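Here is the structure we will look at, set down as structure tokens.
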Amino acid sequence: AKRIVIKVGTSTLTHDNGKLNLQAIDQLCYTLSGLVNEGKEIVLVSSGAIGVGLGLLRLHERPASIPEQQAVASVGQTQLMTVYQQRFSVYGQKIGQILLTHDVVDYPISRQNVLNTFENLLRLNIIPIVNENDAVAVDELDHHTRFGDNDQLSAIVARAIDADLLIMLSDIDGFYDKNPRKCDDAVLIERVTEISEETFKRAGGRGTKLGTGGMITKLKAAEIMLKAKKAMLLANGENPSIIFKLLDGTALGTLFK
Ligand code: ADP
């Protein structure tokens, strides 16, 4: 795989108390910079803005209203990018920020513009860091302008830029036959070739307090990838350097292909 989209969840980027997990972020930046040096084209879809914003503003949970959440995301987004900028620069890696709303992908002219931006960043060996533009997405039109979560956003981006592979890092080793947080006897499924209603029934409940999607949105992302005849790998992002091992086949997750 030459062009790879990597999605990291809040659970990978933050500790349980909402503080940034700087070790994990540093390892992620080291790993992705290494991949670019190997000649790969890397796009990072990063959650975490709201989590980071909550920590900075010393809030213990997401505020109730969407405008308040958007304000928190606005604070968190700049902090998150500052940390990425610092860590990536240690490895000589340049980054660019792309904040997307649904209309960017839906309207052909804006879509073409943003695709051109991706192409030019990648040509220059720059890693685009993508997030939903939380401060702009309009709440009354929720489903029109919002992607809902970065799981599906990462698949939409991967499809749009014709990436070969989407790697989704989460707080779990992969997709199990039932929710492993609730059932001790859950078994990891190493390969999924199609997604049916049965598949969705195996995914139950959201994971962490700060993460949003849970397994359902990851399956929806996998659905988008499979429909586009592309692959998605779901794996544990606790140590982001696992990406090296995932790519050379020495670490396992769930391969949707
Ligand atoms: P992230 O913040 O990394 O996006 P989430 O917490 O949103 O991660 O989603 C991962 C969680 O989904 C797991 O920790 C687990 O609690 C839950 N889950 C539900 N069903 C399953 C399943 N069948 N296999 C694996 N995880 C599952």
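Applying the Karplus relation 6.51 cos²θ - 1.76 cosθ + 1.60 with θ = phi - 60° to segment 13-19 yields 3J(HN,Hα) values of 8, 10, 6, 4, 7, x, 6 Hz, where x marks Gly and Pro.
Ordered from longest to shortest, the equivalent ellipsoid semi-axes for the chain are 24, 22, 20 Å, each the square root of 5 times a Cα gyration tensor eigenvalue. Working ranking of peptides 79-86, 56-63 by packing, defined as the average number of other Cβ atoms within 10 Å per residue, highest first, is 79-86, 56-63. Straight-line cross-link reach from Lys2 at under 18 Å between alpha-carbon atoms covers these aspartates and glutamates, not counting any fewer than eight positions away in the same chain: Glu38, Glu41, Glu119, Asp162, Asp164, Asp248. Of the cross-linked pairs Lys40/Lys201; Lys182/Lys245; Lys19/Lys229; Lys40/Lys218; Lys40/Lys182, those separated by over 32 Å at the C-alpha level are Lys40/Lys201; Lys19/Lys229; Lys40/Lys182. Only aspartates and glutamates eight or more places from Lys178 in sequence, or on another chain, were considered; those with a Cα closer than 12 Å are Glu198. Listed from fewest to most Cβ neighbours within 10 Å, the set Tyr91, Tyr176 follows the order Tyr91, Tyr176. Amide H contacts of Gln97: Ile129, each under 5 Å away and 5 or more positions distant or on a separate chain (H built 1.01 Å from N in the peptide plane; Pro and chain starts excluded).
Here's the picture: a label point sits 7 Å out from the Cα of Arg191 along the beta-carbon direction, and within segment 227-249 the residues with their amide nitrogen under 18 Å of it are 227, 229-235, 246-249. Rounded to the nearest 20 debye, the dipole size of the chain about its Cα centre is 380 debye, using +1 on the Cβ of Lys and Arg and -1 on the Cβ of Asp and Glu.
Every read-out reported here was derived from the displayed coordinates using simple, explicitly stated rules and does not represent laboratory data. Being a predicted model, the structure only gives us computed values, none of them experimental. Using ideal geometry, Cβ is built from the backbone for each residue, glycine included, and neighbour counts are taken over all protein chains shown.
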